[in-house]
Each structure stands twice: as structure tokens, then as C-alpha cells.
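The values are calculated or read from the model by the stated rules, or taken from the named source; none is laboratory data. Bear in mind the structure is a predicted one, so any value in this text is a computation, not a measurement. Every residue, glycine among them, receives a Cβ derived from its backbone with ideal geometry; neighbour counts consider all protein chains shown.
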């Protein structure tokens with residue numbers, strides 16, 4: 001493990017590791033990551049682990065959808081869909097490339113994902129946090145997820161209910177790729 005980083009799912013096995021970009025079940029329809037791994041900068045990782053503890057006390061679990069994204073994988077995503085509305089331009093990089101952004105959702109204590117009104121990586125207005133045309137249940141679930149993250153030093157991205165940035169973002173973009181045991 002690279003110094004200053006945490007492998008979040010190994011740190012806390014109560015987290016649910018989903019990671020669609022390690023499969024073909026994502027909006028790109030292509031496997032981007034070599035295996036499902038969630039790495040974050042150490043301070044961001046500790047904050048997410050704290051958020052998980054808060055969620056567990058309330059009967060929920062955090063589901064990890066995306067974490068650190070190496071620049072070469074950002075480039076691959078941008079090559080498939082070169083539209084900055086959906087994929088960050090690798091020339092500039094993103095908070096994912098710095099290891100301080102997470103895409104997450106919530107599940108109940110049995111691991112069943114909660115209704116959030118849209119699937120992960122839905123790039124319509126319905127994915128906006130404040131979209132009015134979703135069920136009361138989905139609104140409640142989005143608010144709950146946001147509360148867990150705000151209380152643990154993450155700020156939301158309003159266009160994507162699932163995306164949160166850690167408060168400290170002044171890290172460089174990274175390009176290292178993690179090892180897989182598969």
C-alpha cells in the first residue's frame with residue numbers, strides 16, 4: 001500500500017464494496033478498473049470510516065461505488081466518452097484522481113441498497129440532490145446519506161446525489177494503479 005493511503009474496504013469490512021467500474025455494469029459498458037478496490041488518502045479514508053460508524057449506529061451501511069481513480073483510467077473513461085458533462089477531463093484531473101472523492105450510496109443492515117430515486121451514474125436532472133420528481137422515500141434517503149457525509153467533513157456535489165468530496169483537496173493528481181490479488 002502506498003504511504004498516506006487507506007484501502008477502505010479492508011479497513012472496515014462492514015462497508016459494502018460494489019465498484020461498478022471494475023465490471024462492465026456501468027455507464028461506459030466497459031471494465032475500467034483491474035479489480036474492485038477503494039483507496040482514499042488517509043485523512044479522507046478516516047473520515048469515511050467515521051461516517052460508516054455513524055451509519056451503522058442508525059442501522060445502515062455505506063456502499064462504495066467509486067473512490068480513487070488513477071489518471072490513466074480517467075483518460076480511458078474520457079476516451080470512451082469525451083464529454084466533460086459526464087467525465088472529468090484528464091488534463092485537469094478530478095478529486096477522484098487526488099484520492100479525496102467518493103461515490104457512495106446506502107444500504108440497509110442486510111445490504112439491500114436504498115431507493116435514491118435514480119441509479120448511480122444517472123446523468124439526468126433526476127440525479128440532482130434537490131430534484132423534486134422523486135419519491136418521498138428517495139428524498140429521505142438522499143438527505144440521510146448527505147447528513148452522514150456532512151457530519152464527517154465531506155461536501156456534496158449537488159448534480160450527483162452519490163458524489164462527495166473530502167474537505168481537504170490540495171493533493172496532486174495521481175497515476176498509480178493498485179495491485180490486484182485476483
Review point. Counting only residues that are touching a residue at least 40 places away in the same chain (Cβ under 8 Å) and assigned to a helix (DSSP H, G or I), which one in the stretch 30-44 is farthest from residue 70 (Cα to Cα)?
Key: 43
Review point. Considering the stretch 142-160 alone, what residues qualify as being surrounded by fewer than 18 Cβ atoms within 10 Å (Cβ to Cβ) and in contact (Cβ under 8 Å) with a residue 24 or more places away in the chain?
Key: 144, 151, 156, 158, 159, 160
Practice item. Among the numbered conditions (1) modelled with pLDDT of 95 or more; (2) more than 14 Å from the chain's Cα centre (by Cα), tell me where residue 72 comes up short. Key: (1)
Check your understanding: Can you name the condition, by its number, that residue 99 falls short on among (1) crowded, with 18+ Cβ neighbours inside 10 Å; (2) modelled with pLDDT of 95 or more; (3) touching a helix residue (DSSP H, G or I) at 6+ places or on another chain (Cβ under 8 Å); (4) farther than 14 Å from residue 45 by Cα?
Key -> (4)
Check your understanding: Can you name the residue in the stretch 82-96 that is under 15 Å from the mean Cα position of the chain (by Cα) and in a loop (DSSP other than H, G, I, E, B) and is also surrounded by the most Cβ atoms within 10 Å (Cβ to Cβ) among such residues?
Key -> 87
Exercise for review: Would you confirm whether any residue within the stretch 3-24 is more than 15 Å from the chain's Cα centre (by Cα), over 26 Å from residue 128 (Cα atoms) and part of a helix (DSSP H, G or I)?
Suggested key: yes
Exercise for review: Kindly establish whether residue 132 is closer than 28 Å to residue 60 by Cα, in a helix (DSSP H, G or I), over 15 Å from the mean Cα position of the chain (by Cα) and free of Cβ contacts under 8 Å to residues at least 12 places away in the same chain.
Suggested key: no
Exercise for review: Being buried (at least 19 other Cβ atoms within 10 Å of the Cβ), in contact with a helix residue (DSSP H, G or I) (Cβ under 7 Å, 6 or more places away or on another chain) and part of a helix (DSSP H, G or I) narrows it down to one of 47, 55, so name that one.
Suggested key: 55
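Residue-by-condition table, conditions (1) within 24 Å of residue 148 (Cβ to Cβ); (2) in contact with a strand residue (DSSP E or B) (Cβ under 9 Å, 6 or more places away or on another chain):
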site	(1), (2)
4	no, yes
9	yes, yes
25	no, no
66	yes, yes
70	no, no
77	no, no
83	no, no
91	no, no
